[in-house]
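One structure below.
The values are calculated or read from the model by the stated rules, or taken from the named source; none is laboratory data. What you see is a predicted model; the values in this text were computed from it and never measured. Note that each Cβ is placed from the backbone with ideal geometry, even for glycine, and that neighbours are counted across all protein chains shown. Calculation scope for accessible area: heavy atoms of the full protein, side chains included, ligands and nucleic acids excluded. Shrake-Rupley method; radii C 1.70, N 1.55, O 1.52, S 1.80 Å.
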Amino acid sequence: MTALNRAGWRPEMNAAGGADDNVTFTGNRALMLEEPLIFEIGSTETTGVDFDEAASAGDLGGLARSAPIGLPGLSESETVRHYTRLSRQNYAIDLGLFPLGSCTMKHNPRLNEKVARMSGFADAHPLQPQETVQGAYAVIHELAEWLVTLTGMHSVAMSPKAGAHGELCGILCIKAALEARGEDRRVLLVPESAHGTNPATAAFAGFSVEDIPATSEGRVDLAALKARLGPDIAGVMITNPNTCGLFERDMKAISDAVHAVGGYVYCDGANFNAIVGRVRPGDLGVDAMHINLHKTFSTPHGGGGPGSGPVVLSEALAPFAPLPFVAKQAEGGFRLIEEESADEQHPQSFGRMTAFHGQMGMFTRALAYILSHGADGLKQVAEDAVLNANYLLRSLDDVLDAPFGASGPCMHEALFSDRGLAEGFSTLDIAKGLIDEGYHPMTVYFPLVVHGAMLVEPTETESKAVLDQFIGALRSIAMRAKNGDPALKSAPHFAPRARLDETGAARKPVLAWEG
Amino acid sequence: MRYLPLTPDDRSAMLATIGAASIDDLFADVPAEARLDGPIAGLPPHASELAVERHMGALARRNRAAGDGPFFLGAGAYRHHVPASVDHLIQRGEFLTAYTPYQPEIAQGTLQMLFEFQSQVARLLGTDVANASMYDGSTACWEAIVMARRITKRAKALLSTGVHPHYRSVARTMAKYTGDVLVDGDPALEAGTDWAALAAAIDKDTSCVVVQYPDILGRIDDMTALAEACQAAGALLIAVVTEPVALGLIKAPGEMGADIVVGEGQSLGVGLQFGGPYVGLFACKAKYVRQMPGRLCGETVDANGKRGFVLTLSTREQHIRREKATSNICTNSGLCALAFSIHMTLLGEAGLRRLAAINHDRAKMAAAELAKVPGVSVMNDSFFNEFTLLLPAAARPVVHTLAEKDILGGVSLGRLFPGNDALANGLVVAVTETVTEDDIAAFAAALKEVLA
Ligand SMILES: Cc1ncc(COP(=O)(O)O)c(C=O)c1O
């Protein structure tokens with residue numbers, strides 16, 4: 001716990017101590033409240049839940065737990081206060097612009113939360129008899145139809161649990177398809193600008209990974225890619241729009257070239273928000289693409305998850321899609337195709353990726369979002385997302401280096417580098433400066449192809465007024481970084497914490513309470 | 001459209017700043033043949049909040065919610081009462097609408113919560129450390145097998161017959177493509193798991209043995225001897241827990257020597273949600289921490305010496321190590337971990353023990369009542385809140401007939417192990433604190449009628 005200042009606050013401390021000192025008796029600063037760990041305030045005897053009496057142990061195979069567990073409890077009132085206080089130490093999209101590039105932090109509509117909590121969805125068991133959960137299957141089916149139509153693909157696998165899990169799904173489809181052809185191709189080509197999950201997924205599925213070179217424009221180098229293609233290539237993993245915020249103009253030519261040598265095209269669809277309703281990946285020769293429902297379709301990120309990563313598939317890969325899936329019956333109603341019926345219905349499936357059927361709670365939210373927008377609204381989403389990003393790009397590219405600013409308009413995100421900052425000043429300083437201005441920083445140091453990358457994704461749910469204020473703030477910080485303002489090096493000054501010692505944390509990891 | 005704040009005037013002004021004549025100019029890099037001009041044909045236009053709510057409500061009503069009547073399903077997903085404050089707290093926008101805590105100065109809420117979660121999970125499972133969550137129990141189980149391969153540099157995993165068939169199916173799928181060797185099989189109704197045979201099967205190629213506790217049929221077995229056998233052979237023992245509430249009453253796998261303990265945390269805070277999102281628990285001995293998958297939150301200090309928390313040991317992870325990462329996981333189950341942690345804080349140790357005792361009591365009562373139904377017997381010597389009945393007929397059609405009587409009476413082994421005739425008459429019945437005495441009586445009466 002933070003040490004108490006027993007003398008209490010005195011006016012001269014403001015001058016002497018600034019914002020960083022522990023100036024009050026409690027360590028609190030009005031609405032900025034310190035909160036101890038549950039292990040420091042709770043006790044193993046306290047409970048915030050009232051229960052009936054229960055008899056003691058019975059048929060437990062002689063394994064009754066006797067030793068203390070060490071789990072502190074709090075009363076309900078203390079629990080509500082503990083977590084409410086903790087919540088206030090977080091930045092969130094509900095508080096302001098969250099321009100984290102590649103993450104699509106858009107407004108999370110509360111209607112989605114409401115429908116996900118309808119008891120027919122939230123209080124249904126995944127193994128209930130099929131006739132008792134037809135509504136749940138109908139949701140999965142209806143969302144699947146939207147995803148297939150919006151992407152112009154053949155079918156969709158709904159069970160993957162997040163983007164990276166979707167990548168795994170697509171890559172396993174490719175592996176199964178190659179196997180069905182009796183071919184053992186080992187190499188997946190992945191651009192250096194790709195998200196870390198792409199090469200990690202390829203390796204997780206047993207492929208080796210080779211880089212695809214990029215042009216100076218920030219796109220895949222088609223000639224270099226073609227030169228590397230051959231009978232050992234299982235396929236490519238291309239992000240489109242890519243992580244530099246650019247549309248891969250040659251996508252169709254890339255697909256054609258890969259198909260010509262018998263490979264498959266995986267598209268990382270994390271950035272689908274830029275093109276939803278305006279471009280169908282199916283028209284570009286894509287064989288598999290995951291869609292992050294927690295990006296494009298507004299399901300909340302929840303401080304790290306959950307997500308949901310359905311994978312749309314081409315006709316060539318559809319036969320290998322995982323189990324289970326929901327099938328519409330000719331006679332009406334829906335049926336779940338599982339391991340049991342797979343032999344007749346879906347004999348080439350690569351198998352199962354998860355228990356049960358995927359992220360139902362995300363499906364209901366995403367469907368509510370999609371129905372709210374409709375085909376017209378989704379097209380507007382892409383247009384406004386792209387408009388907002390270009391507006392930021394062109395309002396900042398005189399003070400921040402935009403390495404691909406000459407490559408044409410950006411898509412949904414604007415990329416800057418640290419070129420031109422004063423000696424000793426870095427992207428990190430700009431990020432921390434933004435915190436003091438009341439913003440969550442952009443994505444930093446990704447993609448790796450740009451030095452000191454700053455990837456800014458405003459999304460379509462921000463107004464012009466919000467963007468104008470952000471532009472003003474970022475311009476002022478950029479100038480401070482260019483002029484070498486030392487106060488920026490120690491930012492943030494007004495956050496619940498100053499910069500944290502990450503090196504120390506990794507050197508001697510403390511990962512659990514040891515009291 | 002209610003979520004889009006730009007006005008037509010804003011759009012014109014912004015295009016002017018950019019120097020573009022129209023929005024189409026911004027899509028100039030999209031080849032003309034791939035560009036769509038109007039809204040995609042065949043899809044409906046936008047809808048009001050009222051209209052969407054009406055549509056979704058109609059779909060929801062086509063499901064029989066668990067709480068609508070007697071309900072006895074488990075098999076990897078359990079229905080527990082979740083205190084109202086849990087759902088209220090996880091809907092605070094500062095938790096709900098935050099991202100992964102990449103900027104720790106303004107994410108201490110999420111980070112401290114994760115540190116508390118990791119500590120609670122490690123204590124519950126009886127291990128030194130736990131990570132900040134995986135997608136669910138089944139994917140955590142495969143990740144544990146991969147981790148054991150990394151640690152032992154061997155690639156043969158032995159799965160006990162008591163492991164959930166979906167978890168086995170996930171592992172089998174993955175092993176097919178990674179080259180891992182997997183030895184597994186279905187359980188037997190009449191006999192318990194053959195622990196001696198499992199221990200005897202460990203050889204110099206074995207990376208790990210995976211056991212579930214309580215197992216898919218609800219049985220509880222001591223894994224101490226198996227842990228010793230693993231250790232002697234240089235293999236790891238992985239324990240899978242699909243019902244964490246059980247650990248309020250029975251020994252933790254870590255206490256019995258398990259090296260890695262994974263689990264499904266859905267029972268606490270998360271709810272049934274038709275199978276997801278759930279929360280994968282992943283815990284292990286401290287010496288293996290650098291081989292763990294997923295995010296880890298650690299304690300540190302800030303520049304002013306104040307305690308704070310950060311994501312740490314990220315050189316294991318995909319964004320740093322790329323193809324050499326321990327896993328490809330990025331987004332995990334943060335909000336479900338929060339729900340788990342809040343529920344656990346509300347319970348505390350005393351509450352968890354009490355909750356577990358009530359579950360066990362209620363299950364004993366149900367087992368006794370159901371065993372009175374002519375032709376029905378309880379197959380378990382030991383159980384926590386779930387046990388297996390042997391019926392005098394195939395259980396699958398019985399489940400459907402019971403559903404017609406508005407009783408959701410368990411999961412048939414025919415559904416879990418299709419094609420295995422020896423298990424066809426088995427029915428797995430879960431009984432939590434949400435089940436009333438009346439529910440049990442109604443179930444027993446209906447079962448008697450259906451079997452008559
Ligand atoms: C470009 C890109 N690809 C893949 C992913 C992985 O998605 P997820 O975090 O849902 O696993 C992300 C998100 O973090 C991403 O930005």
Checked against (1) within 16 Å of the ligand (Cβ to nearest atom); (2) more than 7 Å from chain B (Cβ to nearest Cβ), residue A:168 satisfies every condition except (2)
Residue B:390 being at pLDDT 95 or above, out of contact with any Cys (no Cβ under 9 Å at 6 or more places or on another chain) and buried (at least 24 other Cβ atoms within 10 Å of the Cβ): no
Could you check the stretch B:344-366 and list, in sequence order, the residues that are open to solvent by 10 Å² or more (accessible area, probe 1.4 Å) and of a type in the set (Gly, Ala, Ser)? B:350, B:357
In the stretch B:212-252, which residues are free of Cβ contacts under 8 Å to residues at least 60 places away in the same chain and touching a Cys at 6+ places or on another chain (Cβ under 7 Å)? B:237
Residue in the stretch B:1-17 that is of a type in the set (Lys, Arg), outside any helix (DSSP H, G or I) and more than 7 Å from chain A (Cβ to nearest Cβ) present: yes
Hey, can you tell me all the residues within the stretch B:270-294 that are more than 7 Å from chain A (Cβ to nearest Cβ), open to solvent by less than 10 Å² (accessible area, probe 1.4 Å) and more than 11 Å from the chain's Cα centre (by Cα)? B:283, B:284, B:292, B:293, B:294
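Tell me the helices (runs of 4 or more DSSP H) entirely within the stretch B:59-178 that contain at least 1 residues that are in contact with a His (Cβ under 8 Å, 6 or more places away or on another chain).
Because the criterion is at least 1 residues that are in contact with a His (Cβ under 8 Å, 6 or more places away or on another chain), the helices (runs of 4 or more DSSP H) in the stretch B:59-178 that meet it are B:84-90, B:137-152.
Checking the conditions here, which among A:348, A:359 is closer than 30 Å to residue A:179 by Cβ and either within 7 Å of chain B (Cβ to nearest Cβ) or of a type in the set (Ser, Thr, Tyr) (or both)?
On the way: A:348 fails: either within 7 Å of chain B (Cβ to nearest Cβ) or of a type in the set (Ser, Thr, Tyr) (or both).
One residue alone meets the criteria, A:359.
If I filter the stretch B:91-102 for residues that are modelled with pLDDT of 95 or more and more than 27 Å from residue A:498 (Cβ to Cβ), do I get at least one hit?
yes
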What is the number of the single condition among (1) closer than 30 Å to residue A:133 by Cβ; (2) more than 7 Å from every other protein chain (Cβ to nearest Cβ); (3) open to solvent by 10 Å² or more (accessible area, probe 1.4 Å) that residue B:86 does not meet? (3)
Output for Cβ contacts, cut-off 8 Å, separation at least six or different chains, first residue at positive phi in the stretch A:137-163, second in a helix (DSSP H, G or I), reads A:152/A:281; A:152/A:282; A:152/A:283
Does at least one position in the stretch A:341-360 carry a residue that is in contact (Cβ under 8 Å) with a residue 60 or more places away in the chain, of a type outside the set (Val, Ile, Thr), part of a helix (DSSP H, G or I) and assigned by TED's automatic domain parsing to the domain that holds residue A:287? yes
Determine, yes or no, whether residue B:421 is open to solvent by 10 Å² or more (accessible area, probe 1.4 Å) and in contact with a Pro (Cβ under 9 Å, 6 or more places away or on another chain). no
Just checking, which of B:113, B:174 is touching a helix residue (DSSP H, G or I) at 6+ places or on another chain (Cβ under 6 Å), buried (at least 21 other Cβ atoms within 10 Å of the Cβ) and touching a residue at least 60 places away in the same chain (Cβ under 8 Å)? B:113
Residues within the stretch A:171-191 that are under 21 Å from the mean Cα position of the chain (by Cα) and more than 11 Å from chain B (Cβ to nearest Cβ), tallied: 1
Is the stretch B:128-150 home to any residue that is touching a Pro at 6+ places or on another chain (Cβ under 7 Å) and surrounded by fewer than 24 Cβ atoms within 10 Å (Cβ to Cβ)? no
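A quick yes/no check of all residues on (1) outside the structural domain of residue A:296 (by TED's automatic domain parsing); (2) more than 22 Å from residue B:29 (Cβ to Cβ); (3) open to solvent by 20 Å² or more (accessible area, probe 1.4 Å); (4) within 21 Å of the chain's Cα centre (by Cα):
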| residue | (1), (2), (3), (4) |
| --- | --- |
| A:430 | yes, yes, no, no |
| A:444 | yes, yes, yes, yes |
| A:448 | yes, yes, yes, yes |
| A:468 | yes, yes, yes, no |
| A:472 | yes, yes, yes, no |
| A:476 | yes, yes, yes, no |
| A:515 | yes, yes, yes, no |
Please go through the stretch B:148-168 and give me each residue that is within 12 Å of chain A (Cβ to nearest Cβ), in contact (Cβ under 8 Å) with a residue 24 or more places away in the chain and within 20 Å of the chain's Cα centre (by Cα), ordered by number. B:163, B:164, B:165, B:166, B:167
Within 10 Å of chain B (Cβ to nearest Cβ), farther than 15 Å from residue A:255 by Cβ and more than 16 Å from the ligand (Cβ to nearest atom): does that describe residue A:208? yes
Consider residue A:191 against the criteria (1) within 15 Å of the ligand (Cβ to nearest atom); (2) modelled with pLDDT of 95 or more: it satisfies all of them except one. Which criterion is unmet? (2)
Considering only the stretch A:390-406, I want to know if a residue exists there that is surrounded by 24 or more Cβ atoms within 10 Å (Cβ to Cβ), charged (D, E, K, R) and either touching an Asp or Glu at 6+ places or on another chain (Cβ under 9 Å) or more than 20 Å from residue A:475 (Cβ to Cβ) (or both). no
Taking the options B:68, B:24, B:87, B:37, name whichever one is of a type in the set (D, E, K, R), within 21 Å of residue A:382 (Cβ to Cβ), out of contact with any Ser or Thr (no Cβ under 6 Å at 6 or more places or on another chain) and at pLDDT 95 or above. B:24
Within the stretch A:425-442, is even one residue in contact with a Pro (Cβ under 8 Å, 6 or more places away or on another chain), modelled with pLDDT under 95 and not in a helix (DSSP H, G or I)? no
For the stretch B:266-365, please list each of the strands (runs of 3 or more DSSP E) lying entirely inside it that holds at least 3 residues being at pLDDT 95 or above and of a type in the set (A, V, I, L, M, F, W, C). B:280-284, B:307-311
Within the stretch A:147-165, the residues that are more than 12 Å from chain B (Cβ to nearest Cβ) and of a type in the set (A, V, I, L, M) are A:153, A:156, A:157
